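**Q** Okay, handing you the structure first.
The values are calculated or read from the model by the stated rules, or taken from the named source; none is laboratory data. These numbers were taken from a predicted model, which means no experiment stands behind them. Positions of Cβ are backbone-derived with ideal geometry, glycine not excepted, and every protein chain shown enters the neighbour counts. To get the accessible areas, we keep the full protein, side chains included, count just its heavy atoms, and leave off ligands, DNA and RNA. Shrake-Rupley method; radii C 1.70, N 1.55, O 1.52, S 1.80 Å.
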4 protein chains.
Amino acid sequence: MKPKKKSRVSRPVDPLHAPHEKWHTALTRIEPNKILVRGYPLDEIMGRLTFGDTIYLLLMGEMPSPGIGMLMEAMLVSFIDHGITPPSTLAARNTATTGAPLRACVAAGVLGFGRHHGGDIESCMEFLDEGLALVRTGTSYRDAAAEIVKRCEAEHEAIPGFGHRFHTRDPRAARLFQMAFELEIDGAHIQMIRAVELVMAGRPDGHALPVNIDGAIAAVCGDIGIPPEIANALFIISRVPGIAAQAQEERVREHPMRQIDPKDAVYDGAAQRRVPDKRR
Amino acid sequence: MKPKKKSRVSRPVDPLHAPHEKWHTALTRIEPNKILVRGYPLDEIMGRLTFGDTIYLLLMGEMPSPGIGMLMEAMLVSFIDHGITPPSTLAARNTATTGAPLRACVAAGVLGFGRHHGGDIESCMEFLDEGLALVRTGTSYRDAAAEIVKRCEAEHEAIPGFGHRFHTRDPRAARLFQMAFELEIDGAHIQMIRAVELVMAGRPDGHALPVNIDGAIAAVCGDIGIPPEIANALFIISRVPGIAAQAQEERVREHPMRQIDPKDAVYDGAAQRRVPDKRR
Amino acid sequence: MKPKKKSRVSRPVDPLHAPHEKWHTALTRIEPNKILVRGYPLDEIMGRLTFGDTIYLLLMGEMPSPGIGMLMEAMLVSFIDHGITPPSTLAARNTATTGAPLRACVAAGVLGFGRHHGGDIESCMEFLDEGLALVRTGTSYRDAAAEIVKRCEAEHEAIPGFGHRFHTRDPRAARLFQMAFELEIDGAHIQMIRAVELVMAGRPDGHALPVNIDGAIAAVCGDIGIPPEIANALFIISRVPGIAAQAQEERVREHPMRQIDPKDAVYDGAAQRRVPDKRR
Amino acid sequence: MKPKKKSRVSRPVDPLHAPHEKWHTALTRIEPNKILVRGYPLDEIMGRLTFGDTIYLLLMGEMPSPGIGMLMEAMLVSFIDHGITPPSTLAARNTATTGAPLRACVAAGVLGFGRHHGGDIESCMEFLDEGLALVRTGTSYRDAAAEIVKRCEAEHEAIPGFGHRFHTRDPRAARLFQMAFELEIDGAHIQMIRAVELVMAGRPDGHALPVNIDGAIAAVCGDIGIPPEIANALFIISRVPGIAAQAQEERVREHPMRQIDPKDAVYDGAAQRRVPDKRR
């Protein structure tokens, strides 16, 4: 579903005497003492659906199947925070140090989910779809993967969904693929990104450019029918708790109006620990 | 945990020659190929904790008990959207109609979580704590409630956590109290807000001013040990999916640069329906 | 000067042990008790340059000539406000009604300077440059104008810099061209947009699509050597006072948490009046 | 003019059937082919008023006198940029490095004009007014100054308008006072801040806490009748060009997704130079 293409300017009108035109919303119905999200009473959803399920319901219009619900939770969890390293987090902390309220810090952070940060999910979905279009014309996955990588390189563009500033192997991507496999939800998009991975590994610098979490989410979203613009919304939703927690920590632990140098940060939290067995 | 009170200005320094000072973070540890959230490997959390559980872990430092985890999900769900009525949603839609990217719409929406919208949770927690301070000195809940209501009225201030622009009975508040009761998590804060409710019902205009969802969340957060500034973060986190869904709907369904009149909106989504039995 | 094209991801590094790399700024030098903007002591500029001159100095690196300085002021003035009609203004007012601080309202407004609002300056500059490239190969202005209009129409795109939602003749555009003419600063870009205007007037719906202020600013900026990305910055800078004034009026004159319907607005300010002679 | 105090919640209403209520704006009248700012045709203002004059007109409702117009320009110029040191600037640069558009960077920067940054103007105006209230009851300026400083210290609060992170003598404040003196616009507020300055100089650490530019602007605004909330708007308006220039420099000169360490910045712009004589 693409945004309507309309000419930006049509007949000018006098704004004070324009007629009232009805417009439509299919998300949430508000009546006195009643709130219906996609038709379901919100108070009936509370305690029955998780936050992750309800996010899916709101964005996609229907409740997720149990398997898709589990993948949704895992995708939302996978992006929740990446320490003090992302520029969006540093924008939020720089806003927090001025004494701004938490919502302003979160807004500043969200604005940094830019072209180079999070934007990879949408471009990776288009990249994989380009490969799958070739597959539908009879090309093998392997050849299709080689072809779309070649096209990127011809444009001097980075391969979307591959490589990470800090990780040579992204543990979140591996886990997401494993879950999709166990839940038997892996389809053509995951197969295509695996094929690209093989092509990349054959390149001289390939080992430093593994599938990252953007790529894994792009492939999983493709396979469970989440369109690119909703995948983009998921990324924003998933990182907001991290931005809020980082901004709140800045407000509580540091003095105001400081110059924030990311290289001077030291982790002093809980030591590494295992998720208890009962949670497994 | 209050922000450090420090004088805004101490000795001036030459910024280009200031020494490097270490600073600390206890949230997420980033090492090559390893992401530890509060000590737990993120890939181990994926598939084991829900998004709601992980939000609690990130903000509070430990995993929630099962009961608190269920209340967390319910609180996050309760605020997820309120249709096209909130000014924050209209700010996001007005930004969307200019052709701005989704993250800019979400940021504009989050900025509208102002003093009069969402801010009630924090002030209601302080309000209830004021009542509980009286209880600890021997005053009855009923008298303490009457006293704190009287203080608000003397200041010509609205009672925080009571009344709603559209609802005379907030279905979300009722459901949250019921869940807290069934999970045996209700404590002194819920008892205090119930006492205030009785005081309010005895006033001439009291029936139009029931406990709202801000009040219910304030009371529940008080009873499960979530401090006011974290409750405030929860509100922001919970509404972001709604803001994103509304902005995305604007981008997809409406034409650009329109004048958005909330009174002209018509709901055309799913009819009212029940949550299927298997989800109960 | 285009942004450096760099691969988004190169070798991953351990963020905590990365070396310190120097980076550079040529805008403002800060030393104890000294602030140099583009080399000039800020206290020496105060009282000698106007705000408009100093904006030019900061963005372009040198002081403007008197004529360019006058056009700068006129361009900044031309965009300062457009009443309550722009979605960006309505986003700022919707944020103000929540009780948010002024800076949050301004930020929400700025985010609405999107693709369909303000973005036209950059695209119109590219559009005119496309025409001027044809002129340099020997095509006449008239034929070049016809050609670039035809290309836009083939793409079903609006002609950038032409048409306005409310005005059939944009008084700001006419005034800016007049000033450029009187200051003898009009060059190839203005000639090109005039040629496009003639082509447009010959179309069936041409009279409803005159040059707008975006188009006029694009042409003037082209002729005085302001690059597209700086022209874009000028647009943001020029509208911030309008956004701030509108948000401040909302805070002072209206009650909180109202539903803002732009069609219900009534102007009750000063009646039309002339600029006094001594200002002429 | 204070925001209307209204109860946040009155009778709930059905949003879909609420009556249309007219609301009012006195800033800018939009009619087809006509834009009137405070009654003046915008095209008539262009070329006759500077941007600074028009900002005053829009915010205050009338054109400034020549003297006040000059002080307006000087105040707007004084705050235009402070290099890479302010956290708001670093928030904008951190947003720019993600590839976000310029307006998103500007919004992120504006959000950092928080309590500890810019907010001092409003609190300094209230501080000076407190002193002037004492003067009106017969106290001398000297004694009033000592009293309000004592009150601040009793609350362990910083003296608003005094001290700077980098400067022991703020060159912008000195210049602004000199201009006010030469234009014979200095009145009671400047006299009061001078008295506070003398009290501060007598303290053990007083020499490190001179009047800063926030204090100077607060005093001048007080003397020329600009209310605190408009002074606050001026601060936002004046710094936006600096934020935009810094974000634009980041986009053009640095590579994306870098970790921005303010201590590693090196100035490489124009050497110190004098404003040419003809501008004096």
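**Q** Compute the FRET efficiency between A:Glu21 and B:Thr168 as 1/(1 + (r/R0)^6), taking r as their Cβ-Cβ distance and R0 = 30 Å, and round to the nearest 0.05.
**A** Given R0 = 30 Å and the Cβ-Cβ separation, E is 0.45.
**Q** Sticking with this one: Jot down the radius of gyration and Dmax of region A:142-280, Cα atoms only, both in angstrom.
**A** Computed over the Cα atoms of region A:142-280, radius of gyration and Dmax are 18.7, 56 Å.
**Q** Two-decimal Rg/Rh of region B:134-212 from alpha-carbon positions, Kirkwood Rh?
**A** My calculation of the ratio gives 0.98.
**Q** Quick one: with label points 7 Å out along Cα→Cβ, list the inter-copy distances for C:Glu182 in nm, shortest first?
**A** Spelled out, the distances from C:Glu182's label point are 2.9, 7.6, 7.6 nm.
**Q** Related question: Apply the a/c threshold of 1.5 to the C-alpha gyration tensor of region A:94-144 and tell me whether it is rounded, prolate or oblate.
**A** Prolate is the answer for region A:94-144, as a/c is 1.5 or above and a/b outweighs b/c.
**Q** Can you give the accessible area of A:Ser140 in Å² (nearest 10), computed on protein heavy atoms with a 1.4 Å probe?
**A** 50
**Q** Helix by helix, which DSSP H runs in chain C go 30 Å or more along their axis at the Cα atoms and have an average Kyte-Doolittle hydropathy of -0.5 or more?
**A** C:228-253
**Q** In addition: Quick one: grab the alpha carbon gyration tensor of chain B, order the square roots of its eigenvalues as a ≥ b ≥ c, and give me rounded if a/c is under 1.5, else prolate or oblate depending on whether a/b is larger than b/c.
**A** Here chain B falls in the rounded category.
**Q** Regarding region B:50-172, what are the three Cα extents along the principal axes, ordered largest first, in Å?
**A** That gives 58, 39, 24 Å along the principal axes, largest extent first.
**Q** Give the relative contact order (percent, whole number) for region A:178-237; include only Cα pairs under 8 Å separated by 6+ residues.
**A** Worked out over region A:178-237, it gives 35 percent.
**Q** Hey, can you grab everything whose amide H is under 5 Å from the amide H of B:Ala265? Only 5+ residues off in sequence or another chain; H modelled, so Pro and N-termini drop out.
**A** Those lying under 5 Å, H to H, from B:Ala265 are A:Trp23.
**Q** Sticking with this structure for a sec: Taking amide hydrogens as modeled 1.01 Å from N in the peptide plane, which residues meet the under 5 Å criterion relative to A:Met257, leaving out close sequence neighbours?
**A** Long-range HN contacts for A:Met257: A:Thr98, A:Gly99.
**Q** Something else now. Tally up the carbon and sulfur contribution to the accessible surface of region B:71-132 as a whole percent, 1.4 Å probe, everything protein left in place.
**A** Carbon and sulfur together cover 47 percent of it.
**Q** For a Förster distance of 51 Å, can you work out the FRET efficiency between the beta-carbons of D:Ala271 and D:Asn33, rounded to the nearest 0.05?
**A** It comes to 0.55.
**Q** If you consider only alpha-carbon coordinates, what radius of gyration and Dmax does region A:236-276 have, in Å?
**A** 13.2, 40
**Q** Dipole size in debye (nearest 20) for chain C around its Cα centre, Lys and Arg Cβ +1, Asp and Glu Cβ -1?
**A** 500
**Q** Determine ³J(HN,Hα), in whole Hz, for all residues of region C:31-42 in sequence, where each value follows from phi through the Karplus function 6.51 cos²θ - 1.76 cosθ + 1.60 and θ = phi - 60°; x replaces Gly and Pro.
**A** In residue order, the calculated couplings are 10, x, 6, 8, 10, 10, 9, 6, x, 8, x, 4 Hz.
**Q** Hey, another quick one. Label-point separation (nm) for A:Leu198 and C:Glu130, each offset 7 Å from Cα along Cα-to-Cβ?
**A** 4.3
**Q** Could I ask something else about it? Quick one: if you stick a label point 7 Å off each Cα along the C-beta vector at C:Glu153 and C:Asp264, how many nm between them?
**A** Taking the two extended label points, one gets 4.4 nm.
**Q** Shifting gears a bit: Just how large is the dipole of region B:151-280 about the Cα centre, in debye to the nearest 20, putting +1 at every Lys and Arg Cβ and -1 at every Asp and Glu Cβ?
**A** 580
**Q** In Å², what does the accessible area per residue of region C:69-175 work out to with a 1.4 Å probe?
**A** 29
**Q** Also: For B:Glu147, D:Glu155, give me the order by solvent-accessible area with a 1.4 Å probe, most accessible first, ignoring ligands, DNA and RNA.
**A** My answer, sorted largest first, is D:Glu155, B:Glu147.
**Q** Turning to a different aspect of this structure: Where Rh is the Kirkwood radius over the Cα pairs of region C:166-226, the temperature 25 °C and the viscosity 0.890 mPa s, what D in µm²/s does Stokes-Einstein return?
**A** Estimated via Stokes-Einstein, D reaches 209 µm²/s.
**Q** Please state, to two decimals, what the Cα-based radius of gyration of the protein assembly as shown comes to when divided by 2.2 N^0.38 Å (N = residues).
**A** Rounded to two decimals, the normalised Rg is 0.92.
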